[in-house]
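The values are calculated or read from the model by the stated rules, or taken from the named source; none is laboratory data. Computed from a prediction, not measured in an experiment: that's the story for all the values here. Cβ atoms come from the backbone with ideal geometry, glycine included; neighbour counts cover every protein chain shown. The area values use the complete protein model at the heavy-atom level, side chains included, leaving out ligands, DNA and RNA. Shrake-Rupley method; radii C 1.70, N 1.55, O 1.52, S 1.80 Å.
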Amino acid sequence: LVPEEGAFVVQALLEGEWRELYVFERHVQQLADYEVSNWYLANHPQSQFVTGIVAARAEPGLRHALRNARYAIHHRDGRTERRTLASVEEIRRVLEDRMRIPLPDHPALDARLGKMLREAR
């Protein structure tokens with residue numbers, strides 16, 4: 001957490017370089033500042049949160065990140081392991097084992113994951 005004028009900036013050391021992850025401004029936010037944009041992010045048919053997967057989980061010494069089929073493990077020392085997941089089974093395994101998200105055993109979910117994989121190629 002790095003204090004800046006009027007804000008706090010959260011940074012992480014990625015690949016040997018400090019990068020900004022989030023900025024928290026100090027002025028008071030109103031609910032209306034969030035409602036419309038949150039609704040569109042969660043509901044618009046072209047939103048990355050509707051059409052794909054965005055997941056992350058931190059654990060001591062590393063951070064897991066998944067965006068669609070791109071999976072990365074960021075280590076505290078700045079190293080990053082990256083790989084592209086090639087199957088629905090791999091995506092399920094990362095979500096359940098690495099992200100600790102329980103998934104239903106449902107054909108519609110597998111169909112959506114398969115569609116996302118095809119579109120990501």
**Item:** Selected residue (only one of ALA7, ALA12, ALA55, ALA32 is more than 18 Å from the chain's Cα centre (by Cα) and surrounded by 11 or more Cβ atoms within 10 Å (Cβ to Cβ))
**Value:** ALA7
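Residue by residue, here is whether (1) under 29 Å from GLU81 (Cβ atoms); (2) among the polar types (S, T, N, Q); (3) open to solvent by 100 Å² or more (accessible area, probe 1.4 Å) holds:
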{"residue": "ARG26", "(1), (2), (3)": "no, no, yes"}
{"residue": "VAL36", "(1), (2), (3)": "no, no, no"}
{"residue": "LEU41", "(1), (2), (3)": "yes, no, no"}
{"residue": "GLN48", "(1), (2), (3)": "yes, yes, no"}
**Request:** Report, by residue number, each residue of the stretch 65-108 that is open to solvent by 70 Å² or more (accessible area, probe 1.4 Å) and either among the small types (Gly, Ala, Ser) or part of a helix (DSSP H, G or I) (or both).
**Result:** GLU89, ARG93, GLU96, ASP97, ARG98, PRO107
**Request:** Tell me, please, whether a residue that is assigned to a strand (DSSP E or B) and over 26 Å from ALA120 (Cβ atoms) can be found in the stretch 24-38.
**Result:** yes
**Prompt:** In the stretch 63-76, which residues are touching a residue at least 40 places away in the same chain (Cβ under 8 Å) and more than 13 Å from GLU90 (Cα to Cα)?
**Reply:** ARG63, HIS74, ARG76
